[in-house]
Amino acid sequence: MIGSSYKKDISKQGVIVLNKAASFVSDRYRLLFAKIDLISRKEDKKVIAITSAVKGEGKTTTSSNLAVIAARDFGKRVLIIDGDYKNPSLAIRFGVKGSLGLLNVISGECDLTQGLTTGPVENLSLLTMGRQVRRGESELAIKGNAHIWTENGIQKILKEARLSFDYIWIDAPPILPLFDMSVISEAVDGIVLVVKTGVTPEAVLSQAVKTLGSNKIIGSVLNCAKTSWKYGYGQYKYKYDH
Ligand SMILES: Nc1ncnc2c1ncn2[C@@H]1O[C@H](COP(=O)(O)OP(=O)(O)OP(=O)(O)O)[C@@H](O)[C@H]1O
Ligand SMILES: [Mg+2]
């Protein structure tokens with residue numbers, strides 16, 4: 001997995017693999033992507049949600065870095081979607097300001113193509129949460145996660161996006177507290193579970209896995225694992241690992 005010896009908050013560096021393409025951390029993300037790619041091609045999975053049991057375990061960090069690696073280093077046509085209405089962070093992470101995005105597409109203010117932001121590397125498109133729609137203007141914007149994940153929300157967008165991209169990563173909400181993950185499970189082909197070392201109690205984790213349905217889980221990413229390596233890393237665990 002991806003660990004880190006970074007004592008500093010790496011979100012301040014945006015998406016780390018953009019600035020440090022030739023680093024050990026980037027190598028770890030390349031390895032992570034290669035493993036996910038292997039499973040995804042075998043099982044024909046294209047839409048992959050990144051989630052975690054609780055907030056703050058590294059979902060945005062993992063999905064953003066994977067998206068850049070897949071597009072820049074593996075030449076895949078990649079879309080990353082901000083799927084966490086309560087805590088949208090993709091735009092900030094990529095340094096995008098004032099863009100149209102998911103909420104604008106869902107509410108019909110623009111079409112998907114207009115809602116996308118391209119870059120910062122070739123082959124990569126971002127669908128940020130977009131402008132907050134004014135109160136009263138959109139039911140969807142007010143009701144939050146349960147509603148952006150509906151048939152008329154992300155699910156509809158995915159149908160269209162599947163035609164133009166090799167991979168669609170979704171920076172999803174955390175499983176707890178109490179968001180109905182079956183909605184997300186049904187909408188995507190696979191799920192990667194980010195687990196922050198030493199944070200998530202085992203009982204919470206196994207409950208989370210139960211909620212997701214294990215047939216969709218591609219693997220887990222152990223984030224922020226302490227190691228004796230200079231740059232540190234954690235471990236990956238995949239369904240085909242023995
Ligand atoms: N491997 C890592 N090494 C160092 N810092 C990390 C690592 N992974 C994540 N972080 C930092 O931990 C914090 C939480 O990470 P991130 O925002 O990716 O989590 P999240 O699961 O998306 O959070 P939220 O649930 O709030 O959306 C961020 O400040 C991020 O920079
Ligand atoms: Mg996040």
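Only the coordinates and a few stated rules stand behind these numbers; no lab work does. This one's a predicted model, so the numbers in the text were calculated from it and none came from an experiment.
Would you work out the relative contact order for region 10-237, in percent, from Cα pairs under 8 angstrom that are 6 or more residues apart? Walk me through the intermediate numbers first.
Values: 419 pairs, mean separation 60.2, N = 228.
In percent, rounded to a whole number, it is 26.
Over 23 Å between Cα atoms, which of LYS20/LYS46; LYS55/LYS210; LYS42/LYS196; LYS46/LYS196; LYS46/LYS159 qualify? Present the calculation step by step, with values, prior to reporting the outcome.
Values: LYS20/LYS46 26 Å; LYS55/LYS210 18 Å; LYS42/LYS196 28 Å; LYS46/LYS196 25 Å; LYS46/LYS159 11 Å.
Long pairs (Cα-Cα over 23 Å): LYS20/LYS46; LYS42/LYS196; LYS46/LYS196.
Please give the contour-minus-distance gain from GLU122 to GLU186: 0.36 nm per residue of separation, less the Cα-Cα distance, rounded to one decimal in nm. Working shown, then result.
Values: separation 64, 0.36 × 64 = 23.04 nm, distance 2.99 nm.
Result for the pair: 20.1 nm of gain on full extension.
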